[in-house]
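Asker: Dropping a structure here in structure tokens format, bear with me for questions.
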Amino acid sequence: MKHHIGFLLQLIVLGGLPVLVVFQLIYGFRLTVMPTCLLIGMLLFAVGTRLRES
């Protein structure tokens, strides 16, 4: 079960960050939004990796 949750987290991050970049280009978020979302994405990806490896 941990393997599936980790895979899902990684899939969400890898699918969500490019979508966020497109929204940034179209709507122009504030400057602090992109680095914050990138850090959150890195954290979620790392948690997903640990879950998949356990």
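Asker: Select from Ile40, Ile26, Ile12 the residue whose mean-square fluctuation is largest in a Gaussian network model of the chain (Cα-Cα springs shorter than 10 Å).
Answerer: Greatest mean-square fluctuation among the candidates belongs to Ile26.
Asker: Subtract the Cα-Cα distance of His3 and Thr36 from 0.36 nm times their separation in residues, and report this length gain in nm to one decimal.
Answerer: On the way: separation 33, 0.36 × 33 = 11.88 nm, distance 2.64 nm.
Value of the extension gain: 9.2 nm.
Asker: At a temperature of 4 °C and a viscosity of 1.567 mPa s, determine how fast the chain diffuses translationally according to Stokes-Einstein, using the Kirkwood radius over alpha-carbon pairs as Rh; express D in µm²/s, rounded to the nearest whole number.
Answerer: 111 µm²/s
Asker: Next up: Suppose R0 equals 25 Å; then what is the FRET efficiency for Leu43 and Phe23 from their Cβ-Cβ distance, rounded to the nearest 0.05?
Answerer: In this case the efficiency is close to 0.80.
Asker: Shifting gears a bit: Sum -39500 (n - 2.57) across every DSSP H segment of at least 4 residues in the chain, then divide by the residue count to get the 222 nm mean residue ellipticity, nearest 500. Let's see the in-between values first.
Answerer: Numbers: 2 runs with 47 residues, N = 54.
Mean residue ellipticity, 222 nm, calculated: -30500 deg cm²/dmol.
Asker: Right, here's the next one. With axes computed from alpha carbons, what is the tilt in degrees of helix 33-53 against the longest principal axis of the chain, rounded to the nearest 10 within 0 to 90?
Answerer: Taking Cα atoms only, the helix is inclined about 10 degrees.
Asker: Are there any trypsin sites (Lys or Arg not before Pro) in the chain that are in a DSSP loop and have at most 14 other Cβ atoms within 10 Å? List them by number.
Answerer: Numbers: sites: Lys2, Arg30, Arg50, Arg52; in loops: Arg30.
Qualifying residues, ordered by number: Arg30.
Every number in this text was worked out from the coordinates using simple rules, so none of it is lab data. All values reported here derive from a predicted model rather than from experimental measurement. Positions of Cβ are generated from backbone atoms using ideal geometry, with glycine treated the same way; all protein chains shown enter the neighbour counts.
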